[in-house]
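Q: Structure provided below as structure tokens; questions to follow.
The values are calculated or read from the model by the stated rules, or taken from the named source; none is laboratory data. Everything numeric in this text was worked out from a predicted model, so none of it was measured. Cβ coordinates were reconstructed from backbone atoms using ideal geometry, including for glycine residues, and neighbour counts include every protein chain displayed.
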Amino acid sequence: MLNKEYLERRDEEIEEISTNESIAQAIENGLIIVAQQVIGQGKEAFVCWGIDNEDRFVAVKTYKLYKTTHRGVIHGTRRGNPYAVISQFAKLEYYKNLDMFQAKLPVPEPYKYAGFSYAMELIGDEEGPAPLLRDLSKSFFDDPADVLEECIEILYDMFQAHFVHGDFSEHNLLWHDEKVHAIDFLQAKSFALKDAVPYGSALIPLSRAYRILRKDLNSLLPFFKRLFRIEVDYNEVLEYILGDIKENVDREIELNLETSS
Ligand SMILES: Nc1ncnc2c1ncn2[C@@H]1O[C@H](COP(=O)(O)OP(=O)(O)OP(=O)(O)O)[C@@H](O)[C@H]1O
Ligand SMILES: [Mg+2]
């Protein structure tokens, strides 16, 4: 009988897949035909770039086994077999990326998912990936205020398309072709224009999206202040990004105050 204890023990015995094995699998699954280089190695995923059978430069993001004792729902995935969880992560991120791409936001074009990986357009060229904003020096930009303005425009377009990114910072923004591009979508969410969403809905309530947007802004603005000494008014920028959705946000704030008093 498969009891809880047995399942937990089995989790511990599950083996991590090596980077080389994962790359071999991505090739076997047809995501790429040649792997060039590993470009990012995080706790949850690693990214390598290569070339696919259509001769495109591709970034492949592969999830690592989810090692945590935390039970319950993670990114909308019920924790069960850890292999099933990470293949679900790859699929989920692929579709979140696709939604944003179809909304014409500056994100890579997602190509395919398979196994524990998903393949997308490489932001970069034959030399490899473009740099992250965090890796660029102070003197790199003629006018860093323009770059901040561009980031704010992206947040505005995302919010108006009813998306929040959830990790919108210099760590997930690439500079390529004189433009900012956003990556890393697993934590991104689509939101409803009100707080009432049916149980099991793919949309999050508006107040939660508003909190995520404020958090994103709270990591973006200090980066520009620290590195480039550019200071902008947080509330003014927030109000701009909210646009007409501000009316809905204000209504929820008011209603929430009423119900909690
Ligand atoms: N499409 C892409 N084009 C170029 N470089 C990319 C692309 N996607 C990812 N990268 C590079 O790989 C790194 C890791 O990617 P990403 O931010 O998606 O994963 P991560 O931060 O490890 O994910 P997590 O935060 O879930 O652990 C990025 O910092 C970036 O340098
Ligand atoms: Mg990242």
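Q: Any idea which residue in region 22-60 is farthest from ligand 1 (Cβ to nearest atom), counting only those that are in a loop (DSSP other than H, G, I, E, B) and surrounded by 16 or more Cβ atoms within 10 Å (Cβ to Cβ)? Give the steps one after another, and end with the answer.
A: So the first thing to find is which residues in region 22-60 are in a loop (DSSP other than H, G, I, E, B), and the list is 29-33, 42-44, 52-56.
After this cut, where a residue has to be surrounded by 16 or more Cβ atoms within 10 Å (Cβ to Cβ) as well, the list is 29, 31-32, 52.
Numbers: Asn29: 18, Leu31: 13, Ile32: 13, Asp52: 13 Å.
Among them, the one singled out is Asn29.
Q: So which pairs qualify, if the first residue must be in region 211-229 and more than 16 Å from Leu132 (Cα to Cα), the second must be among the hydrophobic types (A, V, I, L, M, F, W, C) and not in a helix (DSSP H, G or I), the Cβ gap must be under 6 Å, and the two must be at least 6 apart or on different chains?
A: Qualifying pairs under 6 Å: Ile212/Val164; Leu213/Val164; Asp216/Phe168.
Q: If I go through region 131-154 residue by residue, how many of them are within 16 Å of ligand 2 (Cβ to nearest atom) and surrounded by 20 or more Cβ atoms within 10 Å (Cβ to Cβ)?
A: Residues that pass the stated criteria total 3.
Q: Restricting to region 105-117, give me the number of residues that are part of a strand (DSSP E or B) and of a type in the set (D, E, K, R).
A: Residues flagged as part of a strand (DSSP E or B) and of a type in the set (D, E, K, R) within region 105-117 amount to 1.
Q: Which of the residues that make up region 211-261 are assigned to a helix (DSSP H, G or I) and of a type in the set (Ser, Thr, Tyr)?
A: Within region 211-261, Ser219, Tyr234, Tyr240, Thr259, Ser260 meet the criteria.
Q: Here are the criteria: (1) assigned to a strand (DSSP E or B); (2) more than 14 Å from ligand 2 (Cβ to nearest atom); (3) not aromatic (Phe, Trp, Tyr). Tell me which single one Met120 does not satisfy.
A: Here Met120 meets the rest and fails (2).
Q: Right, another one. Could you run through region 183-207 and say how many residues are more than 10 Å from ligand 1 (Cβ to nearest atom) and surrounded by 14 or more Cβ atoms within 10 Å (Cβ to Cβ)?
A: Residues that pass the stated criteria total 14.
Q: Shifting gears a bit: Run down Phe191, Phe168, Phe163 and say which single residue is within 18 Å of Asn218 (Cα to Cα), in the same structural domain as Asp135 (by TED's automatic domain parsing), in contact (Cβ under 8 Å) with a residue 24 or more places away in the chain and away from ligand 2 (no atom under 16 Å from the Cβ).
A: Answer to the selection: Phe163.
Q: Give me the pairs: first residue in region 29-41 and touching a residue at least 60 places away in the same chain (Cβ under 8 Å) and among the polar types (S, T, N, Q), second residue buried (at least 16 other Cβ atoms within 10 Å of the Cβ) and assigned to a loop (DSSP other than H, G, I, E, B), beta-carbon distance under 8 Å, and six or more apart or on different chains, which are they?
A: Filtered contacts from region 29-41: Asn29/Gly115.
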